[in-house]
1. Would you grab the residues whose amide H sits under 5 Å from the one on residue 108? Only those 5+ places off in sequence or on another chain, please, with H modelled 1.01 Å from N.
2. Can you pull out the trypsin sites (Lys or Arg not before Pro) in the stretch 185-254 that DSSP calls coil and that have at most 12 other Cβ atoms within 10 Å?
3. Rounded, prolate or oblate: pick one for the chain, where a ≥ b ≥ c are the square roots of the eigenvalues of its C-alpha gyration tensor, a/c under 1.5 means rounded, and failing that, prolate if a/b is larger than b/c, else oblate.
4. Under the Karplus relation 6.51 cos²θ - 1.76 cosθ + 1.60, θ = phi - 60°, what is the ordered set of whole-Hz ³J(HN,Hα) values for the stretch 141-146, x standing for Gly and Pro?
5. Quick query: amide H of residue 81 versus all other amide H atoms, modeled in the peptide plane; which residues come in under 5 Å with a sequence gap of 5 or more or a different chain?
6. Would you mind checking which residues have amide H under 5 Å from residue 98's amide H? H placed 1.01 Å from N; only 5 or more apart, or other chain.
7. Taking neighbour counts of Cβ atoms within 10 Å as a proxy for exposure, in what order, fewest first, do 185, 94, 58 appear?
8. For the stretch 107-164 and the stretch 165-179, what is the separation of their C-alpha centers, rounded to whole Å?
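Nothing in this text is a laboratory measurement; each read-out follows from the coordinates by a stated rule. Note that the structure is predicted; figures quoted are calculated from it, not measured. Every residue, glycine as well, gets a Cβ built from its backbone with ideal geometry; the counts of neighbours run over all protein chains shown.
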Amino acid sequence: MQKKPIKRITGGLVQYDGAGVKLVRVIGRQDVKDFDPFLMLDAFDATESEDYVKGFPWHPHRGIETVTYLIEGMIEHGDSLGNRGTINDGCCQWMTAGSGIIHQEMPQESPRMLGTQLWLNLPQKDKMTEPAYRDIRAAEIPMIENPGSQVRIISGTYQQVSGPVQGAYVKTLYLDVSLEPNVTWSLELDAQDTLFIYLVRGSVETDGQQVPYHRAILFGEGDTLQLRSLDEGARFFLHAAKGLGEPIAWAGPIVMNTREELLLAQKELNDGTFIKHS
Ligand code: FE
């Protein structure tokens with residue numbers, strides 16, 4: 001057994017995106033080498049509705065998957081495939097932009113908006129795949145309870161139980177882990193996989209270091225993650241996948257492999273040919 005060391009801790013930066021949504025960009029384009037295949041993690045934790053109600057009006061995506069998961073809150077959405085719906089407490093939207101989707105994401109007033117949006121890169125060969133959309137209700141997310149821990153499985157497999165998504169393009173383990181105070185929790189993984197956790201509440205100790213909430217911890221090589229919650233317990237999202245190791249060309253909501261592909265996307269947006277499937 002080789003315990004995973006901490007490679008990096010990041011707290012991210014407060015930013016305004018969309019039409020004026022206050023969020024914390026925990027990881028972003030400057031982190032992409034370390035976090036491959038994860039491109040971005042935006043975290044929302046707001047009790048003032050003016051921080052989020054302006055929302056993310058109609059915008060395009062291509063070449064990525066976006067995964068939105070809310071512990072609390074409500075986001076109304078609609079897209080160019082004709083999907084309409086609401087992401088509520090405990091629900092997840094798994095959207096494969098592929099060749100192109102145009103959508104809007106509009107948070108609605110609620111007592112608290114708490115959750116994240118993760119951007120997952122698509123492999124070069126799948127960048128232009130057919131767009132797809134999964135609306136995962138809270139009841140579809142299995143939960144494993146052990147003494148001191150509750151683990152919700154959004155994608156991948158944990159203790160022989162599979163979540164609603166396996167990752168058609170990038171196999172991803174996405175867990176939502178809650179620990180009672182002073183609980184040691186461990187997980188075995190492929191030593192080479194990219195692994196990071198984002199602490200939603202509480203704090204943990206790992207690799208001899210105490211880390212408080214609203215931080216992401218990226219781990220280095222090793223086959224076993226081991227951490228312990230501190231006195232107030234902890235809740236964190238865990239993300240693991242194999243890196244793609246492919247070139248990245250990134251322009252806002254479009255992430256491709258070459259500059260030519262970005263220019264083509266821009267041209268298609270201008271002349272109305274961006275959407276290939278509807
Ligand atoms: Fe979007």
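1. Long-range HN contacts for residue 108: 74, 75, 76.
2. Hits after loop and neighbour filter: nothing returned.
3. The shape class here is prolate.
4. Listing the rounded values in order: 8, x, 10, 9, 10, 10 Hz.
5. 102
6. Long-range HN contacts for residue 98: 63, 64.
7. By the 10 Å Cβ count, ascending, the order reads 58, 185, 94.
8. Each part reduced to its Cα centre gives a spacing of 6 Å.
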